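Student: My questions will all concern the structure given below.
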Amino acid sequence: MTDNDNDNILDSEKFTETPLAPFFGADYRPEPATMFRRTDGQHGIYPGRLHVFYGESSSLKTWTALVAVTQVLHRGGTVVWIDMEDTPQTVANRLRLLGVEPQEVARCHYLRPEGKFGAEDATNVVSTYAPNLVVIDSMSEVLALLGADGYVSQQVADVHRTIRGFTDNGAAAVLIIDHVTKAHTNATRGPIGSERKLSGIDGTAYAFTLIDPFGVGKEGSARIKLDKDRVGTVQGICADDATFGFVTLLSCNNRVAYRVALPKEHNNDLRVERRDNILRAVQAAGKEGIRKKALYEKVGGARYLFNEAVDYLVEHERLLGGPPDPYVYNDQIIVVDFTMAMENFTDDMVDDPEW
């Protein structure tokens, strides 16, 4: 059979041939991740691919997706937010809190599907807005809208093919927000429903585990674990346990500061948390103060780490006094330090040469 015979038999509407030669050279490198920036300048989301953030309710998935959006907008990019779970007011307010400016939010296009849509409709959205990032909140609502059962592999695959229409220009990354049940364990890996939900992801999949709840006037954090990396370049920047990083959100003065930190940086954050626990215990003791032994009984933990934290706080005048006198909380100093921390907390808002 000749090559011409093959050309005559192949139905180009059913099969598309792509030459392998351009990818065969020793100098070929997979495309790098260019979005969802960590504090060290590394990224976790690839252009032109599907990604997912999944975890239990209130595990900071949506807030972290908005952090990724904020980073894109700060760098002059465009975002499409497809929302079927919340309101435009909520999204706009959270972006404002994260530091997005009015001229930047104009490049974030909020869409709410009014009925079933297909891959062609998704491609039309990309043609209209030319986004760098498309966020879908959430997968369960998309499945319901398209009449698909999340537990049926073929139907999930069909939905993924529809969603992949958003990546047709090769520049837009798609980030899906999905959920797990309260009973989710490592033995039941992945989002609710068919295993196909995870296997259909051709970018990265991240599992979120809440560490501290986040709210108005509070600091919250979550662990972000890489569950899948189809391309393979992100897994090389993760910790041995596959942790990509820790997202921390700090609410203060009608603003939300954020960090997506490396695991080793988060360990430094734990030192800060230990110091804060000591300060709260001293503050609760009131003007009379509290002696070191009683303070340790309230805070606990390794004795040498406790002593290290106390010495640090005394040296920086956030605690006044010392043995045998009671420790007293210095309100003025902590307020100044907290304000400085708030100003320096969000260190992602810098020009990115890789963008």
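The values are calculated or read from the model by the stated rules, or taken from the named source; none is laboratory data. From a predicted model like this one, the values you see are computed outputs, not experimental measurements. Counting neighbours? That spans all protein chains shown, and the Cβs are built from the backbone with ideal geometry, glycine included.
Student: Please work out which one of (1) loosely packed, with under 11 Cβ neighbours inside 10 Å; (2) at pLDDT below 80; (3) under 36 Å from the mean Cα position of the chain (by Cα) is the condition residue 305 fails and give its number.
Tutor: The one condition residue 305 does not meet is (1).
Student: Only one residue in 55, 41, 48 is closer than 26 Å to residue 126 by Cα and among the small types (Gly, Ala, Ser). Which one? Quick ask: steps written out before the conclusion?
Tutor: Details: 55 fails: closer than 26 Å to residue 126 by Cα; 41 fails: closer than 26 Å to residue 126 by Cα.
Only one candidate qualifies: 48.
Student: Next question. Of the residues 92, 119, 106, only one is surrounded by fewer than 20 Cβ atoms within 10 Å (Cβ to Cβ) and either among the charged types (D, E, K, R) or in contact with a Ser or Thr (Cβ under 6 Å, 6 or more places away or on another chain) (or both); which? Full working, then the answer.
Tutor: Values: 92 fails: either among the charged types (D, E, K, R) or in contact with a Ser or Thr (Cβ under 6 Å, 6 or more places away or on another chain) (or both); 106 fails: either among the charged types (D, E, K, R) or in contact with a Ser or Thr (Cβ under 6 Å, 6 or more places away or on another chain) (or both).
Being surrounded by fewer than 20 Cβ atoms within 10 Å (Cβ to Cβ) and either among the charged types (D, E, K, R) or in contact with a Ser or Thr (Cβ under 6 Å, 6 or more places away or on another chain) (or both) holds for just one of 92, 119, 106, which is 119.
Student: Any chance the range 277-286 includes a residue that's on the phi > 0 side of the Ramachandran plot and either modelled with pLDDT under 80 or within 20 Å of the chain's Cα centre (by Cα) (or both)?
Tutor: Taking the range 277-286 as the starting set, the residues that turn out to be on the phi > 0 side of the Ramachandran plot are 286.
Retained after the next criterion (residues that are either modelled with pLDDT under 80 or within 20 Å of the chain's Cα centre (by Cα) (or both)): 286.
Yes, there is a match, as at least one residue in the range 277-286 is on the phi > 0 side of the Ramachandran plot and either modelled with pLDDT under 80 or within 20 Å of the chain's Cα centre (by Cα) (or both).
Student: Within the range 107-145, can you find the residues that are assigned to a loop (DSSP other than H, G, I, E, B), farther than 30 Å from residue 56 by Cβ and of a type outside the set (Gly, Ala, Ser)?
Tutor: Residue satisfying the conditions is 107 alone.
Student: Search the range 173-205 for residues being among the β-branched types (Val, Ile, Thr) and at pLDDT below 65, and hand back the single one that is surrounded by the most Cβ atoms within 10 Å (Cβ to Cβ). Outline the logic, then answer.
Tutor: So the first thing to find is which residues in the range 173-205 are among the β-branched types (Val, Ile, Thr), and the list is 174, 176-177, 180-181, 185, 188, 192, 201, 204.
Filter again for at pLDDT below 65, leaving 181, 185, 188, 192.
Numbers: 181: 11, 185: 8, 188: 10, 192: 17.
The extreme case among them is 192.
Student: A further question follows. Within the range 77-90, track down each residue that is modelled with pLDDT of 95 or more and either part of a loop (DSSP other than H, G, I, E, B) or hydrophobic (A, V, I, L, M, F, W, C) (or both).
Tutor: Listed by number, the residues that qualify are 77, 78, 79, 80, 81, 82.
Student: Any residue in the range 225-233 that is in the same structural domain as residue 101 (by TED's automatic domain parsing) and at pLDDT below 90? It would help to see each step written out before you state the result.
Tutor: Pass one, the range 225-233, residues in the same structural domain as residue 101 (by TED's automatic domain parsing): 225-233.
Then keep just the ones that are at pLDDT below 90; that gives none.
No; the residues of the range 225-233 include none that is in the same structural domain as residue 101 (by TED's automatic domain parsing) and at pLDDT below 90.
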